[in-house]
Amino acid sequence: MTLALADPDLLRDALYIGGKWQQPQQCNSLDAVNPATGEVLASASRGRRDDAAAAIDAEMNLRRRGQEQL
């Protein structure tokens, strides 16, 4: 089974932090596996503690500035 997106740019191997896509501090990924077949359906970047801290810091800075970004 092959999954396809209408817009392949939506499939990224990165984390969205502070309004931009960034590579995780350590290059780890998490596979979504079909339990019936063992087939890897997709992979996602796996953030670590430093990545979470960067995302929290970015959000706190954004709130301090009183701006909203989507």
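The values are calculated or read from the model by the stated rules, or taken from the named source; none is laboratory data. In this text the structure is predicted, and so the values were computed from the model without any measurement. Keep in mind that these areas ignore ligands, DNA and RNA; they rest on the heavy atoms of the full protein, side chains included. Shrake-Rupley method; radii C 1.70, N 1.55, O 1.52, S 1.80 Å.
Rounded to the nearest Hz, the phi-derived 3J(HN,Hα) couplings of the stretch 57-63 under the Karplus curve 6.51 cos²θ - 1.76 cosθ + 1.60 (θ = phi - 60°) are 4, 4, 5, 5, 5, 4, 5, where x marks glycine and proline. In the chain, helices alone account for a calculated mean residue ellipticity at 222 nm of -8000 deg cm²/dmol, with every DSSP H run of four or more residues adding -39,500 (n - 2.57).
Just reorder Leu10, Leu15, Leu5 by solvent-accessible area, largest first, 1.4 Å probe, all chains present.
Working: Leu10 125, Leu15 35, Leu5 90 Å².
I get Leu10, Leu5, Leu15, largest accessible area first.
Carbon and sulfur together cover what percent of the accessible area of the chain at a 1.4 Å probe radius? Taking all protein chains in place, the chain shows 51 percent carbon and sulfur surface. The phi torsions of the stretch 21-37, fed into the Karplus equation with coefficients 6.51, -1.76 and 1.60 and a -60° offset, translate into couplings of 7, 9, 6, x, 4, 10, 7, 10, 9, 10, 8, 9, 10, 6, x, 6, 10 Hz, rounded to whole numbers, with Gly and Pro shown as x.
Can you give the log10 of the normalised intensity I(q)/I(0) at q = 0.31 Å⁻¹, computed with Debye over equal Cα scatterers of the stretch 17-70? The Cα Debye sum returns log10 ratios of -1.14.
Relative contact order of the chain, please, whole-number percent, based on alpha carbon pairs below 8 angstrom and at least 6 residues apart. The value is 29 percent.
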